[in-house]
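Have a look at the structure below, then the notes.
Derivation of every value follows stated rules applied to the coordinates shown; laboratory data play no part. What you see is a predicted model, and the numbers here were worked out from it, not measured in a lab. Quick reminder, even Gly has a Cβ in these numbers, built from the backbone with ideal geometry, and neighbours come from all protein chains shown.
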Amino acid sequence: MARKKKKHGEEEHENMERWLVSYADFITLLFAFFVTMYSMSRVDEKKMGSAVESLQRALGSVMPIQMTHKEPGVFSNQVVPIHFSISPPIEGKAYSPDGRALIKMAEDIKKGIEDISKGKTSKTSSNLAHQIKFILEKRGLVIRVSEHIFFNSGEAFIRPDMEPILNVLAQTLEKIPNHIRIEGHTDNVPINTPRFPSNWELSTSRATMIVRYLLDHFRFDPDCLSATGYAEFRPVDTNSTPEGRLQNRRVDFVILSNKEMESEPQKETVQEQKNPI
C-alpha cells in the first residue's frame, strides 16, 4: 500500500509510547528469570518418590531402601547428589554412575544372600529383611548390617556360619574403587570384660575384624579401607527399648562419596615425608 504523503507544513506526530515496548520486553525477561530460579530451587517430590519406588521394586522385600539425611533442616528441601563408583576408575578418575548402578549392586547382594538363605533354617538367615539395609546419606552409601548377623553378643569374632554373607558383600564391594569405611556401633548397655573394658573397644574391634577378613580373603586395596568404632555414641534409634537397642547394635559399610573422599587422609610419598612443611 502506498504510504500517505505528509502535507506541506504539517508536523509529524511523535509517538511518546514507544518506551512501553522495551519496558514490556524487560519485564518478560525478568519474569522468566525468576521463574527459572524458582523451579531450580524446588524438589520434584513426585520424581523423587518414583525413584525410591523403583529402587524398592528392584530390590524386592529383602533389601529395603531408605532415603535419609543426617542434617535435618539444612537439606530438608534439597536433593543432595550422591556420587560413588561401581566400575573401575576411568583414566585415574572415579566414575559416578546413576541410580541403575546402585540397583545393580543391591540386586547382586540380594541374590547372593537369597541363595545362601535357601540352605539355612536359622532365625537370623530368615529375617534378613530387617537386618540389612541400604541407606543413602550425604556422605555416601551405607550398607547397614545388624550385629547378630556377624557377631554374638559381647564378642568380636565373626560367626563362621555367617561368613558366606560377608563374602557376598565383599565380592561386590571389592569392585568399587571408592574408599570404604567399616564402622562398629553398640547400644548403651555397659560392657566390662578383660578384653573389652568398654563399648569403645568392642565396637572398634568388630570393625577391625571385618577389615582384616576383607584383606585376608579378598583383593581389597588396603589404602581404600578404614575401620572405626563409635561405641554407643552414634545411635540410629532410642536406647530405652529392646527394639531400639537392637537397631543400634550394627556394623555399617560406608561407601564414601567422591566429595567425602577428599577429606580422607591421603597417602604421602617418601619425598613428602622427608620434606615436611
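Would you mind ranking 185, 179 so that the residue whose beta carbon has the fewest other beta carbons within 10 Å leads the list?
179, 185
Residue 243 versus residue 28, label points 7 Å from Cα toward the beta carbon: distance in nm?
Spacing of the two 7 Å Cα→Cβ label points: 6.0 nm.
Taking the Cα centre of segment 98-261 as the origin and placing charges on Cβ (Lys, Arg +1; Asp, Glu -1), which of 248, 143, 211 is farthest toward the positive end of the dipole?
So the residue we want is 143.
Within 10 Å of each residue's Cβ, count the other Cβ atoms and sort 34, 196 from fewest upward.
Fewest-to-most Cβ neighbours within 10 Å comes out as 34, 196.
Within segment 195-227, name every residue whose backbone N is under 19 Å away from a label modeled 7 Å from Cα of residue 266 along the Cβ vector.
From segment 195-227, the list is 222-226.
Through the Karplus equation 6.51 cos²θ - 1.76 cosθ + 1.60, θ set to phi - 60°, convert the phi angles of segment 210-221 into ³J(HN,Hα) values in whole Hz; use x for Gly and Pro.
Values, residue by residue: 5, 4, 4, 5, 4, 6, 6, 10, 9, 9, 8, 6 Hz.
Fewest to most neighbouring Cβ within 10 Å: what's the order for 172, 238?
The fewest-first ordering by Cβ neighbours comes to 238, 172.
For residue 163 and residue 192, compute 0.36 nm times the residue count separating them, minus their Cα-Cα distance, and round to one decimal in nm.
Between residue 163 and residue 192, full extension yields an extra 7.7 nm.
Amide H of residue 225 versus every other amide H placed in the peptide plane: which residues, excluding those fewer than 5 positions away on the same chain, fall under 5 Å?
180
Anything over 22 Å Cα to Cα? Flag those among 138/267; 111/259; 104/267; 111/175, in the order listed.
Too far apart for the 22 Å limit: 138/267; 111/259; 104/267.
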